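The values are calculated or read from the model by the stated rules, or taken from the named source; none is laboratory data. The structure displayed is predicted, hence computed values, not measured ones. Positions of Cβ are generated from backbone atoms using ideal geometry, with glycine treated the same way; all protein chains shown enter the neighbour counts.
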Amino acid sequence: MSFLMDTYRRLPVSFVYGKGVYLYDEKGKEYLDFVSGVAVNVLGHSDEDLTKALCGQATKLIHVSNLYQNPWQEEVAKLLVERFWTEAKVFFCNSGAEANEGAIKLLRRFFWERGEKRYRIITFRKGFHGRTFGAMSATAQEKIHIGFEPLLDGFDYADYNDINSVKALLKKETGGIMLEVIQGEGGINETDAEFLQEVQELCKKEGLLLIIDEVQTGIGRTGKFYSYEHFELQPDIITLAKGLGGGFPIGCVVAREEVAQSFKPGSHGSTFGGNPLACACAKVVIEKVSKLLDHVVEVGEYFKERLRPFGKVRGRGLMLGLELNKNCQDVVLKALEKGLLINCTAERVLRFVPPLIVQREHVDKAVEILGEVINTC
Ligand code: PLP
């Protein structure tokens, strides 16, 4: 009997230890981890620098309220802003959903301050932004909404890669467009460059804020530090979480300075957001991932090529999807038996989001196991 709410379809394994790209179960069986906590453990497991920073900070100060100065946040924010395309400021929280809630609130507040009643946001079918009310309402997937209506008002759903469907939804209350550059939960769907340029132009022309959800794609996952850099976009707001703490929970909203000004004391907050322990981890992650970007591109391209014989491959860097012509849950289970952790998204898409430190030899091993299981399922 379990005391847990039944919110996850959990696989029949539990892990006790991890090192690099490997996890180990109670019997000492080794698993090659190509899930990495769903795009979280960017430095792999038990990274020495991350562990040192975490333990070192834990011996000094784990948490201090946001009522006081927080130099740890300042350091991490500086690193994030230095990589952003323009002057910006950062708000720290604890997860991707929370980061998106922050972005939604910031957009509303930005227009409210200007006396404009623009609060609606255009989001995209098959997108995913989280499970809290605002983030869930922004998520244009019916299965995520079942039983939770009425949703938060203010979201209009367009078709990905179809600028006309976006234009058709424009209303005088529309304040922004929010998207993932690669839809992660929706099946590793890529946006085309032309569409993104059209979105950017539309935002400029109509005075809309462009929000890029970088929760899954950010922190080097696609081979650029932020995935919007592939397309030279100029987002007003981006949201980050997942990889940011390398496994320690932390998320944030990064906003262009003019937009960020709309949050004033009392307008938004979080008890735990960006506490010293979380920031100590994020600092190490950002510094180390910044040096891994070429590696992500190189291994990602190699991996993509090795996956091609199995079917349609999508994605960039180390965020790849392989579309099968059947439900992929059996493949996931068989791979687990053979010591490879992979994940199935959008029912027919195998998702690969290994730690960013993964090497060609690990890719070879994963591909070998995939070869053994795909045809037997
Ligand atoms: N946004 C994107 C693009 C995501 O992939 C996810 C999680 O999968 C979220 C938001 C929600 O993040 P969290 O689970 O940390 O709330």
Seminar exercise, completed: The residue that is farthest from Ala241 (Cα to Cα), considering only those in segment 268-315 that are among the basic types (Lys, Arg) and surrounded by 17 or more Cβ atoms within 10 Å (Cβ to Cβ), is Arg306
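Can you list the strands (runs of 3 or more DSSP E) lying wholly within segment 3-108 that have 2 or more residues being closer than 30 Å to Ile369 by Cβ? Outline the logic, then answer.
Details: elements: 15-19, 22-25, 30-33, 88-93.
Passing ranges, in order: 15-19, 22-25, 30-33.
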Problem set entry | Matching option when the condition is among the charged types (D, E, K, R) and within 16 Å of the ligand (Cβ to nearest atom), among Arg118, Arg125 | Arg125
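For the structure I just gave you, tell me whether Glu190 is among the charged types (D, E, K, R), within 16 Å of the ligand (Cβ to nearest atom) and modelled with pLDDT of 95 or more. Explain how you work it out, then say what you get.
On the way: among the charged types (D, E, K, R): yes; within 16 Å of the ligand (Cβ to nearest atom): yes; modelled with pLDDT of 95 or more: yes.
It is true that Glu190 is among the charged types (D, E, K, R), within 16 Å of the ligand (Cβ to nearest atom) and modelled with pLDDT of 95 or more.
What number of residues in segment 91-111 are hydrophobic (A, V, I, L, M, F, W, C) and within 22 Å of Phe231 (Cβ to Cβ)? Step through it out loud before you land on a result.
Here is the first cut: in segment 91-111, the residues hydrophobic (A, V, I, L, M, F, W, C) are 91-93, 97, 99, 103-104, 106-107, 110-111.
Keeping just the survivors that are within 22 Å of Phe231 (Cβ to Cβ) gives 99, 103, 107.
Qualifying residue count, segment 91-111: 3.
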Exercise. Can you tell me which residues in segment 132-186 are part of a loop (DSSP other than H, G, I, E, B), within 16 Å of the ligand (Cβ to nearest atom) and within 25 Å of Leu233 (Cβ to Cβ)?
Worked result: Thr139, Gln141, Tyr160, Glu180, Val181, Gly184, Glu185, Gly186
For this session: Filter segment 216-253 down to residues that are in contact with a Phe, Trp or Tyr (Cβ under 6 Å, 6 or more places away or on another chain) and more than 10 Å from the ligand (Cβ to nearest atom), then give me how many there are.
Result: 4
Problem set entry | Residues satisfying the stated conditions in segment 11-39, i.e. within 18 Å of Phe352 (Cβ to Cβ) and either without any contact (Cβ under 8 Å) to a residue 24 or more places away in the chain or polar (S, T, N, Q) (or both) | Tyr22, Ser36
